[in-house]
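Structure, as structure tokens:
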Amino acid sequence: MTEKPSRDRILLVDEQPEVQRAVTEMLEDRDQQVVVAESVGRTRALIADDDERFSLVLLDLDLEGKGVDTGFELLDEIKRARPDLPVVILTGHSTVENAKRAFKGGANDFLEKDIYLAENLEVSFEKIAQFKRAVAENKALRRRTEALERTASFYRGKLERQYLIVGQSPAICALLDTIEKVAPIPRPVLIVGERGTGKELVAAAVHRLSPRADEPFITINCAAVPKDLLGSELFGHEKGAFTGADKRKLGLFELADRGTLFFDEVGNMPMPFQKSVLRIIEYQSFTRVQGTETIHVDVRIIAATNADLSDLAARGEFRDDLRDRLAFETIVVPPLRERPEDIPLLAEHFTEALVREAPSLSPKTLSPAAIEALQGYPWPGNVRELRYTIERALYKTQGDTIEPADLALPKPDAAHAETGALDEGPLEERVAQFERRLIENALEAAGGNQAKAAEALGITYDKFRYLYRKYMRGN
């Protein structure tokens with residue numbers, strides 16, 4: 001069932017009790033909420049309070065017997081503090097000069113307090129509604145223009161470096177085109193691809209090229225949060241909701257309000273929470289754990305997974321309706337083996353990035369043989385694996401040129417690819433490569449669920465987290 005829209009809050013600034021009663025009754029009959037301020041000080045306090053939100057101010061010019069100048073001063077203060085807040089002037093001193101001054105000061109209407117006040121207010125409200133629609137349309141147009149400018153900068157390579165998607169292959173060009181088209185549309189996006197392909201980078205690019213770019217971009221890894229804490233993490237909780245909840249906590253949906261919430265490894269989200277997330281996508285509202293207040297938010301959902309959600313749905317492990325809602329647009333991130341022509345560009349990009357982070361390292365170039373070796377390797381870990389391969393080679397190579405031997409790529413035969421063992425090199429390095437491949441394979445088999453991967457390897461979750469941070473941190 002659709003939620004009932006929240007009531008407008010109108011600030012009535014007038015010290016006359018009879019006016020307060022008449023206007024309040026009229027507005028409450030229209031299902032409006034009225035807050036009365038009978039003094040200059042009270043008005044200033046309400047306008048200055050960031051927690052107070054009004055849709056309209058009805059302002060009497062002559063307050064506390066100080067003359068119309070006091071009312072005009074308040075009008076000026078209101079418009080400086082809240083430029084988009086509509087103000088209607090109510091006055092018993094209706095003159096042409098005062099009307100001109102009011103409109104010049106930003107008032108949306110100027111009404112005399114006479115027997116026709118109620119009728120005139122009705123007309124004024126329609127004008128205000130048109131004004132608010134125009135303001136909203138102008139804001140949307142401005143955000144759209146800004147988004148288009150950011151999109152253009154994306155192709156000029158001027159978007160912030162950490163959001164840059166490197167490549168010029170047909171697969172990457174198609175990916176960028178999809179990002180450009182879907183970024184301004186306020187609907188969910190599902191990003192699919194193998195581990196290490198850069199799904200979070202794509203999600204961040206969608207956010208940065210959208211009208212929400214200046215608002216929060218918040219990430220949650222559904223495979224990393226324990227099931228019993230996920231509700232509190234997503235929706236927040238009230239004080240005393242459970243043992244240890246000594247104060248109210250805001251959940252990620254509230255923190256992401258007006259921005260984007262990115263669900264990484266969404267295929268690992270427990271079924272009970274899938275229903276709650278589906279409801280939030282539909283109604284943009286929820287309650288905190290052990291709370292009674294309905295919280296309204298404006299959050300765009302982006303989700304990513306390396307699992308087949310259709311297969312999970314067929315097994316009863318993922319809701320069909322949530323999958324459908326998430327996939328307003330599905331972005332497929334290509335594996336690195338399908339775009340080998342991008343490998344030299346990526347290698348150069350990772351080299352420059354590490355040299356900036358560690359100025360003690362000197363830039364190095366890849367020999368033609370090294371580039372050929374990189375392009376011939378299947379990259380089961382995709383771009384993430386390429387990044388750490390380049391960084392290790394840059395760190396260990398003594399000369400100015402990186403050769404194939406410096407890359408320490410696993411041999412391509414099937415047995416070697418399965419175990420990830422090294423036939424050459426120091427024992428410590430060979431053990432590290434073997435551990436890393438075990439972690440990668442266990443994660444992939446568990447669909448990104450670290451707890452299941454730890455169980456499959458027969459180690460504790462803490463031990464797995466240590467190895468994960470050691471070998472797999474970064475995206």
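The values are calculated or read from the model by the stated rules, or taken from the named source; none is laboratory data. Note that the structure is a prediction, hence the values are computed from the model and not measured. Quick reminder, even Gly has a Cβ in these numbers, built from the backbone with ideal geometry, and neighbours come from all protein chains shown.
Candidates are the residues of region 217-229 that are aliphatic (A, V, I, L, M) and modelled with pLDDT of 85 or more; the one that is nearest to the chain's Cα centre (by Cα) is Ile218. Listed by first and then second residue, the pairs with beta-carbon distance under 6 Å, at least 6 apart or on different chains, first residue in region 354-370 and under 15 Å from Leu407 (Cβ atoms) and of a type in the set (A, V, I, L, M), second at pLDDT 90 or above and not in a helix (DSSP H, G or I), are Leu366/Ile402; Ala370/Ile402; Ala370/Glu403. Scanning region 43-81 for residues that are surrounded by 15 or more Cβ atoms within 10 Å (Cβ to Cβ), basic (Lys, Arg) and more than 17 Å from Lys104 (Cβ to Cβ) yields a single hit, Arg44. Just one of the numbered conditions (1) surrounded by fewer than 16 Cβ atoms within 10 Å (Cβ to Cβ); (2) not assigned by TED's automatic domain parsing to the domain that holds Met269 is not true of Asp311: (2). The listed residues are Arg248, Arg319, and the only one of them that is over 19 Å from the mean Cα position of the chain (by Cα), closer than 30 Å to Lys452 by Cα and in the same structural domain as Gly231 (by TED's automatic domain parsing) turns out to be Arg319. Of the residues contained in region 260-278, one or more are found to be of a type in the set (Phe, Trp, Tyr) and either part of a helix (DSSP H, G or I) or not assigned by TED's automatic domain parsing to the domain that holds Glu317 (or both). Per the listing Leu201, Leu164, Leu175, the residue uniquely in contact with a Pro (Cβ under 9 Å, 6 or more places away or on another chain) and either at pLDDT below 90 or aliphatic (A, V, I, L, M) (or both) is Leu175. Per this entry, Ala369 is not counted among residues that are aliphatic (A, V, I, L, M) and either part of a loop (DSSP other than H, G, I, E, B) or within 27 Å of Asn306 (Cα to Cα) (or both). In this structure, Asp60 does satisfy being touching a residue at least 24 places away in the same chain (Cβ under 8 Å), assigned by TED's automatic domain parsing to the domain that holds Gln130 and not aliphatic (A, V, I, L, M).
Residues of region 339-359 include at least one that is modelled with pLDDT under 90, in contact with a helix residue (DSSP H, G or I) (Cβ under 9 Å, 6 or more places away or on another chain) and not in a helix (DSSP H, G or I). Of the residues examined, Thr243 is one that is over 26 Å from Ala307 (Cβ atoms) and either polar (S, T, N, Q) or within 11 Å of the chain's Cα centre (by Cα) (or both). Of all the residues in region 181-203, those that are assigned to a helix (DSSP H, G or I) and surrounded by fewer than 21 Cβ atoms within 10 Å (Cβ to Cβ) number 4.
Here's the yes/no breakdown for (1) assigned by TED's automatic domain parsing to the domain that holds Glu233; (2) buried (at least 17 other Cβ atoms within 10 Å of the Cβ); (3) of a type outside the set (A, V, I, L, M); (4) over 25 Å from the mean Cα position of the chain (by Cα):
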site	(1), (2), (3), (4)
Tyr283	yes, no, yes, no
Arg288	yes, yes, yes, no
His296	yes, no, yes, no
Phe328	yes, no, yes, no
Asp342	no, yes, yes, yes
Leu345	no, no, no, yes
Ala369	no, no, no, yes
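Listed conditions (1) more than 22 Å from Cys173 (Cα to Cα); (2) modelled with pLDDT of 90 or more; (3) among the acidic types (Asp, Glu) are all met by Glu329, apart from (1). Inspection of region 19-37 finds no residue satisfying the criterion of being within 38 Å of the chain's Cα centre (by Cα), at pLDDT 85 or above, farther than 27 Å from Ile115 by Cβ and surrounded by fewer than 18 Cβ atoms within 10 Å (Cβ to Cβ).
On inspection, Ala313 does not qualify as closer than 30 Å to Gln375 by Cβ and either within 23 Å of the chain's Cα centre (by Cα) or outside any strand (DSSP E or B) (or both). Looking at the structure I just gave you, is Ala303 among the aliphatic types (A, V, I, L, M), in contact (Cβ under 8 Å) with a residue 60 or more places away in the chain, more than 30 Å from Lys239 (Cβ to Cβ) and in a loop (DSSP other than H, G, I, E, B)? Spelling it out, it is not the case that Ala303 is among the aliphatic types (A, V, I, L, M), in contact (Cβ under 8 Å) with a residue 60 or more places away in the chain, more than 30 Å from Lys239 (Cβ to Cβ) and in a loop (DSSP other than H, G, I, E, B).
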